[in-house]
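S.K.: Dropping the structure in here first, questions after.
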Amino acid sequence: MAEETGNDEDPLEQPSEIMSRVKEKASEEDDMEADPFEMYMSKVVDKRNLSKSRHTTIERSLREWSEFMESKPREASCPTEQNIWSFVESLEEKNSVQTIKVKLRAVNNAYEFLQKEHTAPHPTTYNPFEKVLDNWNPDKEERKDYPPVELDDIRECLPEHYRDRLIVFLQLKLGLRRGEVGNIKIADVHIDNDELERHYPSLGKNTDYDNSIIIPDDRDGNKSSRTRVLPLDDELRKVILRYLLVRPNVNEPWLLLSKKSHVKLSDNVCSNIWNEYFQEIQLDGYRSISSHYGRHFFTTYFTVKKDWNSELVGYMRGDTKGESLNGTIKYYIHTYYQDIETDYRNQIFKLER
């Protein structure tokens, strides 16, 4: 195939040689900024408002990956897919599946930064970390289907606690990933309410549309391939309002806070909520209901129940533009907030009776 298409069978072989020469020269000149991961940390990670634990996790993940690659004939930022698979195998001995995913995604984010860095030799069309993440499925349960669940089943399991209830609503009604939920800032959410705006001056500063929420694609932990704006229907606005009225009065930009320390949510909070409240609708032979189920329910609802165009659903999910289409036509399809707003508000399901 490589011979017929003219594509490079090993797209990172030459970039690896370039990076090797750059690092060798940098070592002679004692220039640490030439290290690609140091560059990523200083230009991206250090400038974000991350918790100390999250910053440490990213730093440790990059260090572990770099140390693993020291014995390989490739630069750490230009690996082969086999290098990454070997790294995964080495981690499986002492790490949980979730921890391995966190470490892989941290290195993947650094690689994606290099793809966008104009001085780096990394091709924009090839990402070995992404390919491994897409194909690695260590949990057999993940290959099972979710159980058939009706809206009434979900309604019976909704949390009473205002914050927990809002988390479930956000995932079901907007199809958000758990990382995206934790990454929501007050400035990302607009609700047309004078009292709320007086109490939260930053409310809605990041979105140009009334009663909407923006999910940026460049916020660390968000896996979306494109920024999207989503409507907030009257029911979800009410749930957000109830929570904001009792939200701890602390100087934090994040919409949702931890219950004890009142800081940004950790990655496992969403999972814990779903595990606690939705055990009653687990069925033998099916995949367990987890925080990711909200995204599945949302996608199934608009695709199967409402028969929406796949590009419109893809926009709401934050998928890569045109990835649901094949051929040249995908580059000519453009989807915007205005294309989904009215129909979404008219058709979105209600969770509260």
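Residue by residue, here is whether (1) modelled with pLDDT under 90; (2) on the phi < 0 side of the Ramachandran plot; (3) not polar (S, T, N, Q) holds:
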| residue | (1), (2), (3) |
| --- | --- |
| A76 | no, yes, yes |
| N83 | no, yes, no |
| E89 | yes, yes, yes |
| T99 | yes, yes, no |
| L104 | no, yes, yes |
| A110 | no, yes, yes |
| F113 | no, yes, yes |
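S.K.: Checking C157 against (1) surrounded by 16 or more Cβ atoms within 10 Å (Cβ to Cβ); (2) touching a residue at least 40 places away in the same chain (Cβ under 8 Å); (3) under 30 Å from C78 (Cβ atoms), only one condition comes out false. Which one?
M.R.: Single failed check for C157: (3).
S.K.: What's the total number of residues in the range 269-297 that are part of a loop (DSSP other than H, G, I, E, B), touching a residue at least 40 places away in the same chain (Cβ under 8 Å) and more than 14 Å from F169 (Cα to Cα)?
M.R.: 7
S.K.: For the list (1) more than 27 Å from E252 (Cα to Cα); (2) surrounded by fewer than 17 Cβ atoms within 10 Å (Cβ to Cβ); (3) at pLDDT 80 or above; (4) among the small types (G, A, S), I need the number of the one condition that S53 fails.
M.R.: (1)
S.K.: So, restricting to helices (runs of 4 or more DSSP H) that lie completely within the range 124-184, which ones have at least 1 residues that are basic (K, R) and more than 30 Å from N206 (Cβ to Cβ)?
M.R.: 128-135, 151-157
S.K.: Still on this structure: Do any residues in the range 189-211 that are of a type in the set (K, R) have Cβ atoms under 7 Å from those of residues that are surrounded by fewer than 16 Cβ atoms within 10 Å (Cβ to Cβ), where the two are at least six apart or on different chains, and which pairs are they?
M.R.: none
S.K.: Enumerate the pairs (first residue in the range 246-263 and in a loop (DSSP other than H, G, I, E, B); second residue anywhere and of a type in the set (K, R)) with beta-carbon separation below 6 Å, excluding pairs fewer than 6 apart on the same chain, so at least 6 apart or on different chains.
M.R.: P253/K185
S.K.: Hey, another quick one. Does any residue in the range 84-113 that is over 15 Å from G179 (Cα atoms) come within less than 6 Å, Cβ to Cβ, of a residue that is assigned to a loop (DSSP other than H, G, I, E, B) six or more places away or on a different chain, and which pairs are these?
M.R.: V97/P138; V97/D139; F113/V44
S.K.: A further question on this structure: Is it the case, given these coordinates, that R317 is charged (D, E, K, R), at pLDDT 80 or above and either assigned by TED's automatic domain parsing to the domain that holds F169 or surrounded by 14 or more Cβ atoms within 10 Å (Cβ to Cβ) (or both)?
M.R.: So R317 fits the description; yes.
S.K.: Here is a further query. Could you check the range 82-140 and list, in sequence order, the residues that are touching a Phe, Trp or Tyr at 6+ places or on another chain (Cβ under 6 Å) and among the aromatic types (F, W, Y)?
M.R.: Those that are touching a Phe, Trp or Tyr at 6+ places or on another chain (Cβ under 6 Å) and among the aromatic types (F, W, Y): F87, Y111, F113, F129.
S.K.: Could I ask something else about it? Is at least one residue of the range 169-180 aliphatic (A, V, I, L, M), farther than 24 Å from E64 by Cβ, buried (at least 16 other Cβ atoms within 10 Å of the Cβ) and touching a Gly at 6+ places or on another chain (Cβ under 6 Å)?
M.R.: yes
S.K.: Which residue out of R226, R242 is of a type in the set (K, R), under 28 Å from G314 (Cβ atoms) and in contact (Cβ under 8 Å) with a residue 40 or more places away in the chain?
M.R.: That would be R226, the only listed residue that is of a type in the set (K, R), under 28 Å from G314 (Cβ atoms) and in contact (Cβ under 8 Å) with a residue 40 or more places away in the chain.
S.K.: Determine whether D208 is over 27 Å from K43 (Cβ atoms) and either outside the structural domain of Y337 (by TED's automatic domain parsing) or assigned to a loop (DSSP other than H, G, I, E, B) (or both).
M.R.: When the stated conditions are applied, D208 passes them.
S.K.: Of all residues in the range 107-123, which are over 22 Å from the mean Cα position of the chain (by Cα) and farther than 14 Å from L12 by Cβ?
M.R.: If the condition is that a residue be over 22 Å from the mean Cα position of the chain (by Cα) and farther than 14 Å from L12 by Cβ, then H118, T119 are the ones that fit.
S.K.: Oh, and also: Of the residues P253, P248, P201, which single one is touching a strand residue (DSSP E or B) at 6+ places or on another chain (Cβ under 7 Å) and more than 29 Å from D319 (Cβ to Cβ)?
M.R.: P248 is the lone residue from the list that is touching a strand residue (DSSP E or B) at 6+ places or on another chain (Cβ under 7 Å) and more than 29 Å from D319 (Cβ to Cβ).
The values are calculated or read from the model by the stated rules, or taken from the named source; none is laboratory data. For clarity, every value in this text was computed on a predicted model and none was experimentally measured. Glycine also receives a Cβ, built like all others from the backbone with ideal geometry; neighbour counts cover every protein chain displayed.
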